[in-house]
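Derivation of every value follows stated rules applied to the coordinates shown; laboratory data play no part. Here the structure is a predicted model, which is why all the values come from computation and not from measurement. Note that each Cβ is placed from the backbone with ideal geometry, even for glycine, and that neighbours are counted across all protein chains shown.
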Amino acid sequence: MDADTAAASSAAPPSATTRSPAIRTLGLHKSYGDKVVLDGIDLSIPEGTIFALLGPNGAGKTTTVQILTTLIPATAGQAQVAGHDLTRSPGAVRSAIGVTGQFAALDNLLTARENLLLMADLHHLPRREGRQRAAALLDRFDLTEAAAKPVATFSGGMRRKLDLAMTLVGNPRIIFLDEPTTGLDPRSRRTMWEIIRGLVADDGVTIFLTTQYLDEADQLADRIAVLDHGKLVAEGTAEELKRRIPGGHIRLRFADPDGLESAAALFGSAAPDREALTLQIPGDGSIPTLRAVLDVLDSASIEAEALTVHTPDLDDVFLTLTDRSRRSDRTAQQAHPRTAPHSHDSLNSRTEKAR
Ligand SMILES: Nc1ncnc2c1ncn2[C@@H]1O[C@H](COP(=O)(O)OP(=O)(O)OP(=O)(O)O)[C@@H](O)[C@H]1O
Ligand SMILES: [Mg+2]
């Protein structure tokens, strides 16, 4: 170990709050003619963290990635990536980052190893080092057996892995992943998540990923921003975002309309659904709340057939926030009252208990 390395490794690692951000933007704006695609994006992403930009189709996710990776210029605003200004030092930005695009950038006629060696050449790695790097990446991504096969024969999951391996050839400090798991089966998605977590835990890189999958953001990201129509409509940890949505409720199902109507009379703030014979009572899913609801039913001798607890999850956050901004667009044209979008149910946020 040389003196510099020794000095560096004996120093306490700076905390996330004292480190300068890996990515910072201020008022980032992009339009094509009259069409505004990004409308003032402010971001600050600490080094060594995973950031997820979440948004529906056409929200502006890929555009944000393209700007931050110097592929297209912003119309206005500022951005620094790895401490370098995007417009003043695009070359320095490029040498610190790696990008895996929304669509795989592989040469189908070459083998997996040849694709990696080509990338090593593009990074001007000496032959021997290039071969070593390619072998290590094939091993890391469990692609050694397939290394000599043409990419045309690869499954979607293998392509995604190889695409990410290509990005890692240049040892980037900041990695942009545009929808890294779109189209993958559940097992391949999990493998990809493990790889992404490993990059941060083992190599200390910063990850900027875009996704339409709420569970992906929930699983991976330290912080999440929700993009809709080119604007950030929310930012925070998964927990913070979930707390913003007052969607928690307890749903009771009854065997007959009499039971439903009697219960509805007891719970003033509850919304009865006469077709489904259910009653939705606002509240969290805590044991005391549940006990209180059941006690009220018991004391009135009303029998509920089933009880479901719904705690807000990122699906609610996403639908509510993106719906809200769409709604405010609409209300500009027509005053049209709507109920909160909580008819939507998410399986993973429910616990069912028959009574
Ligand atoms: N070159 C272009 N000229 C005009 N409009 C464009 C251009 N590129 C993108 N757009 C528009 O910008 C908006 C945002 O596109 P973008 O690809 O960033 O969305 P996205 O969030 O990545 O969507 P997806 O989830 O479908 O990948 C879209 O309405 C798109 O039509
Ligand atoms: Mg996109």
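Structure above, values below:
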read-out: Cα centroid of the range 137-205 to Cα centroid of the range 283-304, whole Å; value: 49
read-out: Net length gained if the chain between Arg88 and Ala276 were fully extended (0.36 nm per residue, minus Cα distance); value: 61.6 nm
read-out: Neighbour net charge for Ala165 - beta-carbon separation under 11 angstrom, K R +1, D E -1; value: +3
read-out: Full-stretch length increase - Tyr32, Gln132 - with 0.36 nm per residue and alpha-carbon distance subtracted; value: 31.6 nm
read-out: Relative contact order of the range 18-242, defined on C-alpha pairs under 8 angstrom at six or more residues apart (%); value: 29
read-out: Those trypsin sites (Lys or Arg not before Pro) in the range 61-167 that DSSP places in a loop and that have at most 14 other beta carbons within 10 Å; value: Arg88
read-out: Value of Rg/Rh across the range 18-242 [Cα atoms, Kirkwood radius]; value: 0.96
read-out: Hull-based mean projected area of the range 169-265, where the convex hull spans the alpha carbons, in square nanometres; value: 10.5
read-out: Directionally averaged projected area (convex hull, Cα atoms, the range 111-193), nm²; value: 5.4
read-out: Gain on full stretching of the segment that runs from Ala265 to Ala306 - 0.36 nm per residue minus C-alpha separation; value: 12.9 nm
